[in-house]
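Here's the structure we're looking at; comments come further down.
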Amino acid sequence: MTALGVAWVRAAESERPDRLFDDPLAARFVAASGWEPPDLTGAPADDTTRAMLVLAQSVIVRTRFLDDLVADAWAGGCRQVVILGAGLDTRAFRLAWPPGSRCFELDLPPVLDFKERALADSGARPACERILVPCDLLQDWTAPLLAAGFKPGEPTVWIAEGLLIYFTEAENERFLAEIGALSAPGDRLAITFSRPDPGVPVSGAPSTAAPAGHELLRNPAAILALWRWDGPADPAAWLARHGWDAGVFDREERAKAYGRALDLAEDESAATRTVLIDAHRV
């Protein structure tokens, strides 16, 4: 459901004349799910609507940030991209991939199965060699990735978009070590994560009280309850310990660079602080 929420935001952004990216397939996922998104048009009327708008702003900015990062890596000769927790990402279809590029999409089997069913009659064709790797990122995912044809030593971009918040601190420490073991000097690691307001408790464990199914996306408090870790206090230092030299950006700074100043009050902007990271393997 959280992947579906991201697809909904991307579909809405793609309809804007001043859109920061175009994801023509995103709306198919929403339609295939049977979910009726809430109407967020007009002035925010309540706390739920405002919270959803804040989360949506983060998705829009981080999507453009990652699109630009991948394009920059291509310019430097990279042709291997690994999307960790790919969800309903369609970069393999919507970006202008250079010849010889490969995109590995890793996620749980039910997520990838839904994705393929929704795309089955779309006529969409990937613009690169697209390789699905069904796996659990909290279990052994490196062996399935290698078996799927990943080549350690080739220039690689790793993408972890909105993923690390669902893992505990210990799980993220292990996860970063596993990525590092498959990385070579010069590889790129793109991470985006959001830190909830300090007043919102981070559970540290999967929530058992979250609404099931479509109701989850109508309850921002339940979405925030899925957070298991709000990220390191100093992301650059954390990544340095794992062998990465990181540039760290925030949502507001990037939005202004893209010509899209965020229309949020100060308290709304602070409610979910989004961090965008572009790290290089040293």
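Some points to look at:
- Matching residues, the stretch 149-180, being assigned to a loop (DSSP other than H, G, I, E, B) and of a type in the set (D, E, K, R): K151, E154
- Among residues of the stretch 8-41, those that are open to solvent by 40 Å² or more (accessible area, probe 1.4 Å), under 17 Å from V54 (Cα atoms) and among the aliphatic types (A, V, I, L, M), counted: 1
- Qualifying residue in the stretch 102-111 (condition: open to solvent by 60 Å² or more (accessible area, probe 1.4 Å) and closer than 20 Å to L176 by Cα): yes
- Among the residues of the stretch 231-262, those that are assigned to a loop (DSSP other than H, G, I, E, B), closer than 19 Å to A279 by Cα and in contact (Cβ under 8 Å) with a residue 12 or more places away in the chain comprise G231, H242, G243.
- Test result for D22, of a type in the set (D, E), closer than 30 Å to S183 by Cβ and modelled with pLDDT of 95 or more: no
- Count of residues meeting criterion [open to solvent by 30 Å² or more (accessible area, probe 1.4 Å) and out of contact with any Ser or Thr (no Cβ under 9 Å at 6 or more places or on another chain)] in the stretch 149-159: 4
- Odd one out for L53 among (1) at pLDDT below 95; (2) closer than 23 Å to V82 by Cα: (2)
- From the list T208, T142, the lone residue that is polar (S, T, N, Q) and modelled with pLDDT of 95 or more is T142.
- The residues of the stretch 10-31 that are among the aromatic types (F, W, Y) and within 17 Å of L95 (Cα to Cα) amount to a single one, F21.
- The condition of being out of contact with any strand residue (DSSP E or B) (no Cβ under 9 Å at 6 or more places or on another chain), outside any loop (DSSP other than H, G, I, E, B) and either open to solvent by 50 Å² or more (accessible area, probe 1.4 Å) or of a type in the set (G, A, S) (or both) holds for only one of L132, L146, that being L146.
- Restricting the stretch 263-282 to residues that are in a loop (DSSP other than H, G, I, E, B) and not β-branched (V, I, T), the residue that is modelled with the highest pLDDT is D263.
- Taken over the stretch 81-97, the criterion of being touching a Cys at 6+ places or on another chain (Cβ under 6 Å) and in a strand (DSSP E or B) is satisfied by V81 alone.
- Just one of (1) open to solvent by 30 Å² or more (accessible area, probe 1.4 Å); (2) within 19 Å of the chain's Cα centre (by Cα); (3) at pLDDT below 95 fails for D72. It is (3).
The values are calculated or read from the model by the stated rules, or taken from the named source; none is laboratory data. The structure presented is a predicted model; accordingly, all values stated were derived computationally and were not measured. Glycine gets a Cβ as well: all are built from the backbone with ideal geometry, and neighbour counts include every protein chain shown. All accessible areas refer to the heavy atoms of the entire protein, side chains included, with ligands and DNA or RNA removed. Shrake-Rupley method; radii C 1.70, N 1.55, O 1.52, S 1.80 Å.
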